[in-house]
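Participant: Sharing a structure below in structure tokens format, with a few things to ask.
The values are calculated or read from the model by the stated rules, or taken from the named source; none is laboratory data. Just so you know, these numbers come straight off a predicted model, no measurement behind them. Counting neighbours? That spans all protein chains shown, and the Cβs are built from the backbone with ideal geometry, glycine included.
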Amino acid sequence: MGVTWLHRAVYRVRQFGSALATRGRPLAEVERVEVRAWLPTAAWPLFDAMPRNDQHHSLNVLCALRASGHAEPALMQAALLHDVAKSTGGVTLFHRIAVVLLKTGRTDWAARLTQTPAPTRGALCYPFWVHANHPGLGAGMAAAAGCDPLAVTLIRRHQETERSTLNVGTLNVPTDRLLAALQAADDDN
């Protein structure tokens, strides 16, 4: 348990530093071309509307997947859009820090939020509800934008299981193997 906690703490500190470093930096043109190559035309506005730090994170996830030998279009779409719903729900860096802190003391809070109806947009708890429900919300957005159905499934499931509980060598279902790869790349970036 101590190693897992330490790994998550290091990951979160690194993620916070990366978010601050990329907050104002737009993607380079070559990076934008890379993203457009993987996304359906109707999905580009979803990616383009994401905060810059989220764009960089998603592109880093895609690059990590490619570096590990993946080139499945659905997986690349999921890499780019797995956190897209956070940007539409007002989830800020403050909310993300609060979520991390809440999870350390109250591990059940996110599960409770996923089972409650959406609060009114603009309510203080709305961004927290969006954060807890972003996989399903993002999957709906990706589906509406014409993404591959497998990408939609991967987005919907991307936070279903902790990386440490997946043993890629024992997974038989191709979707589960892609999900494990997405989760690992997301966790490392």
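Participant: So Pro51 fits all but one of (1) at pLDDT 95 or above; (2) over 19 Å from Leu179 (Cβ atoms); what number is the exception?
Facilitator: For Pro51, the failing item is (1).
Participant: Identify the single condition in (1) among the hydroxyl-bearing types (Ser, Thr, Tyr); (2) over 24 Å from Leu178 (Cα atoms); (3) touching a residue at least 60 places away in the same chain (Cβ under 8 Å) that Ser68 does not satisfy, given that it satisfies every other one.
Facilitator: Condition (2) is where Ser68 drops out.
Participant: Name every residue in the range 57-77 that is buried (at least 19 other Cβ atoms within 10 Å of the Cβ) and within 14 Å of Asp187 (Cα to Cα), in order of residue number.
Facilitator: Within the range 57-77, His57, Ser58, Leu59, Val61, Leu62, Ala64, Leu65 qualify.
Participant: Take the residues in the range 1-48 that are closer than 18 Å to Val100 by Cβ and outside any helix (DSSP H, G or I); name whichever of them is modelled with the highest pLDDT.
Facilitator: Per the stated criteria, the residue is Arg23.
Participant: Take the conditions buried (at least 18 other Cβ atoms within 10 Å of the Cβ), assigned to a helix (DSSP H, G or I) and either out of contact with any Ser or Thr (no Cβ under 8 Å at 6 or more places or on another chain) or at pLDDT 95 or above (or both) and apply them to Ala143. Does it pass?
Facilitator: Considered against the rule, which asks whether it is buried (at least 18 other Cβ atoms within 10 Å of the Cβ), assigned to a helix (DSSP H, G or I) and either out of contact with any Ser or Thr (no Cβ under 8 Å at 6 or more places or on another chain) or at pLDDT 95 or above (or both), Ala143 comes out as no.
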